[in-house]
1. Name every residue in segment 308-353 that is out of contact with any helix residue (DSSP H, G or I) (no Cβ under 8 Å at 6 or more places or on another chain), modelled with pLDDT under 90 and assigned to a helix (DSSP H, G or I), in order of residue number.
2. Run down 100, 88 and say which single residue is within 20 Å of the chain's Cα centre (by Cα) and over 28 Å from residue 189 (Cβ atoms).
3. In segment 184-205, which residues are over 13 Å from residue 50 (Cβ atoms) and surrounded by fewer than 21 Cβ atoms within 10 Å (Cβ to Cβ)?
4. Quick one: count up the residues across segment 51-81 that are within 8 Å of the chain's Cα centre (by Cα) and assigned to a loop (DSSP other than H, G, I, E, B).
5. Report yes if residue 265 is in a loop (DSSP other than H, G, I, E, B) and either surrounded by fewer than 21 Cβ atoms within 10 Å (Cβ to Cβ) or not assigned by TED's automatic domain parsing to the domain that holds residue 317 (or both), otherwise no.
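The values are calculated or read from the model by the stated rules, or taken from the named source; none is laboratory data. What you see is a predicted model, and the numbers here were worked out from it, not measured in a lab. Methodologically, a virtual Cβ is constructed for each residue, glycine included, from the backbone with ideal geometry; neighbour enumeration extends over all protein chains shown.
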């Protein structure tokens, strides 16, 4: 799947985001209430908010599908919509406290009936399901109202991206466009069309349309807390068993090959392997922005100071408009917070077909990249070729 490059809706990524790398993707450390507040704020300001709700299936797909991974990195919020992700984070002492599911977000928005309703448009799902979802949502008269729906069938991304289809969505003036085309196709469709969409909030929420239509019933809260919602989903949609079986097999390999070695490394090396003790300096040299990462301070507030230094230099690197060379020869350890922030810069540069190179990687550090499932950051050549399908989106 190849196409033209899609620039981010802002000139520089938001490096103040609290993101952590878990199993090769950057996740936002954010609560359900905070996400709902961001959606309502975007509804009022009309500022673009691209949401991803990554579960274990996203993790599995992103390992072998670079454009899909890039689409997730594009997102301004990436939510941990899967208990295995939360379990891994807890094992590795990553500050990702709870699952934030796309279906939970939609339910929370529906509950806020005291505020002006969030106007949604459903795009996707089998024929008739989006229509039923629209009617059921409006019958509830809660915090969400449906202003339109379209079921484009099961064609290609290109066939679902006609000017007429985009015009119908925009004419409905939704606050929140909910896409349901299957994860990989859905994110490809968003990437291709994001520049032309006027809805401020856009997200692929695969099961939400079916749940809103009453075709799928969500697992009881107890099943959700126990991490057994996948089993309930198989009861509701038996065909999903193959996907869950494949995801489980890959997850077990990830546990054995990446998660447990990283956990053991942290146990042996102690707090030094878990803290974000990395300072950064930057300078322009030889037609590139050189970002040097240095082991941070050891005092109690050293982590906060180090991250502040890193965030500032990453913003300078992104704003420079130059290729970036990250020098890590002074590092012994690298953790999920630092990797999560580096992924934002990597995605920004890759959108612009600009190189992102990491130099001075020791054998020990390379193993840590591998255990974090972040070896793609070390592939300097891959950063030159764009992998998304959209067009730049103009922001007033």
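1. Selection gives 308, 309.
2. Only one candidate passes the filter, namely 88.
3. Hits for segment 184-205 are 184, 185, 196, 198.
4. The qualifying residues number 2.
5. In short, no.
Conditions tested, residue by residue: (1) touching a residue at least 60 places away in the same chain (Cβ under 8 Å); (2) assigned by TED's automatic domain parsing to the domain that holds residue 145; (3) crowded, with 24+ Cβ neighbours inside 10 Å; (4) within 30 Å of residue 334 (Cβ to Cβ).
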{"position": "46", "(1), (2), (3), (4)": "yes, yes, no, no"}
{"position": "76", "(1), (2), (3), (4)": "yes, yes, no, yes"}
{"position": "83", "(1), (2), (3), (4)": "yes, yes, no, yes"}
{"position": "88", "(1), (2), (3), (4)": "yes, yes, yes, yes"}
{"position": "97", "(1), (2), (3), (4)": "yes, yes, no, yes"}
